[in-house]
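K.L.:
What follows is a structure written as structure tokens; I'll ask about it next.
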Amino acid sequence: MTEKDFLPAPYQHFSDGGKVTWKAPSNIALVKYWGKLADQIPANPSISFTLDACATTTTVSYQKKESNTDGLSFDLLFEGKPKEDFKPKIETFFNRIVGYVPFLKEYDFTIETSNSFPHSSGIASSASGMAALSLCLMDIEKQLTPNMDDQFFKKKASFLARLGSGSACRSIEGDLIQWGEHSKIPNSSNFYGIKYPFEVNPVFKNYHDTILLVHKGQKQVSSTVGHDLMHGHPYAENRFQQAHENLHKLKSILAEGDLENFIKIVESEALTLHTMMMTSMPYFILMKPDTLEIINKIWEYRKESKVPICFTLDAGANVHVLYPESVKEKAIQFIQNELVVHCEKGHYICDRIGIGAKKIMDKK
Ligand code: PMV
């Protein structure tokens with residue numbers, strides 16, 4: 001599908017207004033997206049586990065505009081309170097997508113959003129937030145275009161979410177989502193995420209992700225700036241090539257449940273992401289001393305115990321500890337005994353692989 005396929009046919013009927021609510025999860029990349037072209041087109045393909053507990057719930061209320069003004073009109077509430085500093089991001093997003101969802105000009109909107117994870121935990125809410133908002137918008141569009149099918153609904157929600165925050169396009173469905181064109185993955189697209197189309201061994205079905213909150217403050221360098229620094233980066237081309245190769249290698253690893261090689265790719269991807277940051281110009285470091293302490297302890301523990309536990313990192317200092325269901329007790333014990341001391345105020349979040357976003361029905 002191309003971008004043009006997401007332009008709607010003229011709407012069949014306009015309602016006066018209504019209200020929709022969606023809950024969308026966060027996701028954690030195994031092969032990382034870092035570097036982009038115009039319009040949030042990724043410089044390389046990526047794949048992620050959709051999460052379950054870390055999620056954003058968004059309600060969009062819409063009311064037909066009284067006057068015939070052409071601009072966009074919306075209010076934003078975050079955890080029940082007006083949030084002016086989030087508005088520019090939403091405004092940019094709406095301006096980017098209005099050609100694809102032209103009903104945005106017809107209504108006054110109120111967007112109410114809240115996260116399941118604590119405010120300022122250092123966990124990015126842009127993926128779950130943009131996914132939940134996009135699903136609400138698609139729900140409204142579906143009411144204006146009643147014969148829209150479910151496949152298209154999800155694809156366009158992912159397409160819109162990508163235009164809000166790239167990785168958000170991987171937060172619509174579960175449980176393994178791939179985004180970005182790859183020569184060996186049929187139907188892969190730069191425009192939206194797809195469900196991973198190949199065999200996945202049951203060992204990955206109930207995977208756990210315990211998120212260690214090492215540093216809850218704001219990052220010194222945003223993802224937007226980080227992506228941008230991949231332009232002209234001396235190692236960029238090799239890195240993009242490596243992501244293609246790692247995705248290809250994952251095919252047999254995921255099918256066979258080959259945890260040893262899974263761990264090698266996932267940890268290498270995390271460290272490569274941070275290496276790109278450290279070798280950008282200007283260079284920067286998002287890991288903290290505790291991030292490194294945790295990584296070293298995981299390596300030591302894995303070597304001694306043979307428990308297949310590994311880490312990955314986002315664009316921040318927090319550590320995602322990944323492990324299969326079969327070693328859950330041992331892993332939690334190790335995390336509590338050895339790793340929690342490295343978390344800010346001892347805080348961590350127990351999450352796991354999830355099945356994707358869901359609609360929340362109005363309680364009437
Ligand atoms: O979606 P963005 O622009 O916030 O970029 C996210 C990039 C990483 O989280 C570091 C990697 C990824 O693939 O999710």
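The values are calculated or read from the model by the stated rules, or taken from the named source; none is laboratory data. In this text the structure is predicted, and so the values were computed from the model without any measurement. Positions of Cβ are generated from backbone atoms using ideal geometry, with glycine treated the same way; all protein chains shown enter the neighbour counts. Areas reflect the complete protein model, heavy atoms only, side chains present, ligands, DNA and RNA absent. Shrake-Rupley method; radii C 1.70, N 1.55, O 1.52, S 1.80 Å.
K.L.:
What is the gain in length, in nm to one decimal, between D108 and D70 on full extension, counting 0.36 nm per residue of separation less the C-alpha to C-alpha distance? If you can, show how the numbers build up before the last one.
P.N.:
Working: separation 38, 0.36 × 38 = 13.68 nm, distance 1.12 nm.
Additional length available on full extension: 12.6 nm.
K.L.:
Hey, another quick one. First measure r as the distance between the Cβ atoms of L271 and S183, then evaluate 1/(1 + (r/R0)^6) with R0 = 22 Å and state the FRET efficiency to the nearest 0.05.
P.N.:
On the way: r = 26 Å, r/R0 = 1.16.
Between L271 and S183 the formula returns 0.30.
K.L.:
Further question: Using a 1.4 Å probe on the protein chains only, how many percent of the accessible area of the range 205-352 belongs to carbon and sulfur?
P.N.:
C and S atoms contribute 52 percent here.
K.L.:
Ignoring ligands, DNA and RNA, please state the percent of accessible area on the range 1-152 from carbon and sulfur, probe 1.4 Å.
P.N.:
On the way: 3330 of 6690 Å².
After summing per-atom areas, the C and S share lands at 50 percent.
K.L.:
Compute the separation of the alpha-carbon centres of the range 258-298 and the range 1-69 and state it in Å as a whole number.
P.N.:
A separation of 29 Å, based on Cα centres.
K.L.:
Figure the gain on full extension for N147 and I285 (residue separation times 0.36 nm, minus the Cα-Cα span) and round it to one decimal in nm. Mind showing how you got there, number by number?
P.N.:
Numbers: separation 138, 0.36 × 138 = 49.68 nm, distance 4.93 nm.
Difference between extended and current length: 44.8 nm.
K.L.:
Take peptides 192-200, 70-78 and line them up by average Cβ neighbours within 10 Å, highest first, as a rough protection proxy. Write out the running numbers ahead of the final one.
P.N.:
On the way: 192-200: 18.0, 70-78: 14.1.
Descending packing order for the listed peptides: 192-200, 70-78.
K.L.:
For the chain, would you read off the P(r) tail past 27 Å as a percentage of all alpha carbon pairs?
P.N.:
On the way: 30925 of 66066 pairs.
It works out to 47 percent of all Cα pairs.
K.L.:
Below 11 angstrom from the Cβ of E344, what's the summed charge of the other residues (Lys, Arg +1; Asp, Glu -1)? Please report the intermediate quantities before stating the final value.
P.N.:
Numbers: positive: K216, K288, K345; negative: D290.
Net charge around E344: +2.
K.L.:
While we're looking at this one, here's another question. So for the pair E338, D39, with labels modelled 7 Å out along Cα→Cβ, what separation do we get in nm?
P.N.:
Computed distance between label sites E338 and D39 equals 4.8 nm.
K.L.:
Could I ask something else about it? Please report the base-10 log of the normalised intensity I(q)/I(0) for the range 130-230, using a Debye sum with one equal scatterer per alpha carbon and no solvent, at each q in 0.14, 0.19 (1/Å).
P.N.:
Scattering profile of the range 130-230, log10 relative to I(0): -0.72, -1.08.
K.L.:
When the chain is treated as a GNM, springs tying every alpha-carbon pair under 10 Å, which of L30, L133, L292 comes out with the largest mean-square fluctuation?
P.N.:
Largest GNM mean-square fluctuation: L292.
K.L.:
If I model a spin label as a point 7 Å beyond the Cα along the Cα-Cβ vector, how far apart are those points for K345 and K83 in nm?
P.N.:
Taking the simple label geometry, K345 and K83 are separated by 1.8 nm.
K.L.:
Can you pull the Rg over Rh of the range 205-352, Cα-only, Kirkwood?
P.N.:
On the way: Rg = 15.9 Å, Rh = 16.3 Å.
A ratio of 0.98.
K.L.:
What accessible area per residue comes out for the chain, rounded to a whole number of Å², with a 1.4 Å probe?
P.N.:
Numbers: 16670 Å² over 364 residues.
Value for the chain: 46 Å² per residue.
K.L.:
Please work out how much length the chain gains when fully extended from N206 to E237, using 0.36 nm per residue of separation minus the C-alpha to C-alpha distance, in nm with one decimal. Before the final figure, lay out each step's value.
P.N.:
Numbers: separation 31, 0.36 × 31 = 11.16 nm, distance 3.44 nm.
This chain segment gains 7.7 nm when fully extended.
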